[in-house]
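A.B. asks: Sharing a structure, written as structure tokens. Questions coming.
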Amino acid sequence: MATIRDVAKKAGVSIATVSRVINNKGTIRKETKETVQQAIKDLAYTPNMVARGLSNRRSYAVALIVPTITNPFFPEMARAVEDIARENGYNVLLCNTDDRRDRLIDYIDSLSSQYVDGIIINSHNIMREDLQKLKSLGIPLVMMDRVLQDHDFTSITVKNREGGRMATEHLVEVGCKRIAHISGLEDTLNATHRMWGYRDVVSNMPWFDPSWIGMAEFSVQSGYQVAKELFSRHPEIDGIFCSNDLIAIGALKAAYEWGKKIPNELAIVGFDGIDMSRLTVPSITTIQQPIYHMGQLAMKELLKQIEERNNEPKKFELNVDFVLRESTMR
Ligand code: RIB
């Protein structure tokens, strides 16, 4: 097995230089860095992570807290976090809270006492006191997607309200006259903003009242259930904006059972742009979030905090895109 000495010899530099490249310490010329990296690759050299961690007080492990791994949105995002982490020599610890506050607390407690270099948090259950605790321990932190309203941490979200408006305006444009909304989890900021986007478009329409909004969880089962309730409450419904694609899939199933033809009798728009939304029959028109990019950005921002001690909080609010598919092609 190759050693650090072999790498130094092959690259024609000192062991100290190789170590500086591996640990990203000090100033090293770009060409030297590339030569050392090439030698590492050619010799398939793996640095001893324990020794590396001891020398610069790092574990080279970061935690990613997600609300549920059963929703494809989160694995798609986790994949991006992992890709950037691996490129930079870090491992990712996946912490799935199953939308439960008690699990989140357990993870926060155990991550506080273990040696992780940073945490990416995606959870609507998070509270200010949890963030303060992590901050006081000096653990770098990035929040994403499901975030608190006011905070002073780096966060990555999308233009949820604008997305809600785009979805609802599209339903109006394709001729829908009675448009319902199925919202996501009640105390989740992104779901609330999507609902505001819907309300921006419909609240002045003469038929509108809050009974056109159904509260669901971000899941197929709950989308199915709430869509059926809306159908019996408002049989004249001809369009639904769903707060995520899983809810939209549930609404598709409910519409099928109810005998409503999509898109002509009922048009449906989702939100997220998970891969699955292309594959349903009919495929689902959706508001695409830049899921992979969000994961990449979260990990890159976390690395800046870990490696450059750059703790200046930044608020990213990324654009969403409208994706036209069969569920609204009238
Ligand atoms: O699909 C799950 C929802 O939860 C997404 O819309 C995403 O924004 C997340 O918070």
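The values are calculated or read from the model by the stated rules, or taken from the named source; none is laboratory data. Just so you know, these numbers come straight off a predicted model, no measurement behind them. Every residue, glycine among them, receives a Cβ derived from its backbone with ideal geometry; neighbour counts consider all protein chains shown. Side chains included, ligands, DNA and RNA excluded: accessible areas come from the protein's heavy atoms. Shrake-Rupley method; radii C 1.70, N 1.55, O 1.52, S 1.80 Å.
A.B. asks: Working carefully through the options ALA85, ALA191, find the one that is modelled with pLDDT of 95 or more, more than 23 Å from ALA216 (Cβ to Cβ) and among the hydrophobic types (A, V, I, L, M, F, W, C).
C.D. replies: It is ALA85.
A.B. asks: Identify all residues within segment 308-330 that are more than 24 Å from TYR256 (Cα to Cα) and either surrounded by 18 or more Cβ atoms within 10 Å (Cβ to Cβ) or within 14 Å of the chain's Cα centre (by Cα) (or both); write none if there are none.
C.D. replies: Correct list: PHE316, GLU317, LEU318, ASN319, VAL320.
A.B. asks: Among the residues of segment 137-144, is any open to solvent by 70 Å² or more (accessible area, probe 1.4 Å) and in contact with a helix residue (DSSP H, G or I) (Cβ under 7 Å, 6 or more places away or on another chain)?
C.D. replies: yes
A.B. asks: Which one of these is within 27 Å of ARG103 (Cα to Cα), away from the ligand (no atom under 12 Å from the Cβ) and free of Cβ contacts under 8 Å to residues at least 40 places away in the same chain: GLU186, GLU173?
C.D. replies: Unique residue meeting the criteria: GLU186.
A.B. asks: Another question about this same structure. Evaluate the following for ASP99: is it touching a Phe, Trp or Tyr at 6+ places or on another chain (Cβ under 7 Å) and among the acidic types (Asp, Glu)?
C.D. replies: no
A.B. asks: HIS293 fails exactly one of the following numbered conditions: (1) farther than 20 Å from ILE84 by Cα; (2) of a type outside the set (Asp, Glu); (3) surrounded by fewer than 21 Cβ atoms within 10 Å (Cβ to Cβ). What is the number of that condition?
C.D. replies: Result: HIS293 fails condition (1) only.
A.B. asks: Kindly provide the set of residues from segment 226-274 that are within 25 Å of the chain's Cα centre (by Cα) and either away from the ligand (no atom under 16 Å from the Cβ) or modelled with pLDDT under 95 (or both), ordered by number.
C.D. replies: Passing the criteria: none in range.
A.B. asks: Can I ask one more? Every residue in segment 253-271 that is open to solvent by 10 Å² or more (accessible area, probe 1.4 Å) and touching a helix residue (DSSP H, G or I) at 6+ places or on another chain (Cβ under 7 Å), please.
C.D. replies: Passing the criteria: LYS253, TRP258, ILE262, PRO263.
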